Amino acid sequence: MTTTAPPPFAPKQTQEPGWWRRNRGWLLAVPLAIAVFVIGSASRLHEFWWAAGPHEQVASGRLGEVIAVEINGAPRFDEPPKQFQLALTALEDDAAWIDSFTEEPVVPPDGVRAVAARLDFADAEPTDLASCTVALLDADGNRYLVDDGNTDHIYQCVPEEVSELLGDQETGDDVRLPASWSTAPVFLVPEDARITTLQLYWETALPEYVELELPH
């Protein structure tokens, strides 16, 4: 009798899983990781945006109205709160724009006018109010700042004569600082700009600011 030998043993063929199957767990986690990153980045961006500009109004008033203001100081600079009274008494056209280098009046270019914002400060400490920023906003939301080339750039909230007293105080001289004074920073704005709002703030105290409305 003839017998037939069984065929040689053939191992079961297996196929190595593809790259997508081997890494599907990680791939499923990628969208979640991206979402977490985007949310965290957006939160940090919003926090930076919020703290880098005037976004928290702490006092408001209208033209001619005297208002009481308190703005928090900056703890990292050991600054006390800024407490004072403020009034926007006028917004005057045809103001004198003085060049900070030549100290001579400059005629604005065609299509531009110079306006002065007259501000009265009272019950104030000049040391606390130095280095402020005053901005004008028009009906279209455009913002105007005092030009760096204007002498008013460094005297927006504390006038030059009071700033000189602060310098004397720093050198040890016995000087008496006033508790009230006025400033009139000058802005260059388009001829047809309709100014509606004045904002006042300090870079070290952002996002807090004061807003004063002008008649529409």
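Coordinate-derived values only; no laboratory data. Here the structure is a predicted model, which is why all the values come from computation and not from measurement. No Cβ is skipped: glycine too gets one built from the backbone with ideal geometry, and neighbour counts run over all protein chains shown.
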* Kirkwood-type radius of segment 66-169, with distances r between different C-alpha atoms, in Å -> 15.5 Å
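For the ranges 125-132, 65-72, what's the packing order if you count other beta-carbon atoms within 10 Å of each residue, average per peptide, and put the highest first? Write down the numbers at each step before the final one.
Values: 125-132: 17.2, 65-72: 15.6.
Peptide ranking by packing, descending: 125-132, 65-72.
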* Give the calculated FRET efficiency between residue 110 and residue 58 to the nearest 0.05, with a Förster radius of 30 Å applied to their Cβ-Cβ distance. => 0.15
* **Amide hydrogen neighbours beyond the local backbone of residue 65, cut-off 5 Å, H modeled** => 88
* **Length added when fully stretched, residue 142-residue 99, from 0.36 nm per residue minus Cα-Cα** => 13.1 nm
* **Dipole magnitude (debye, nearest 20) for segment 63-198, charges at Cβ of Lys, Arg, Asp, Glu** => 500 debye
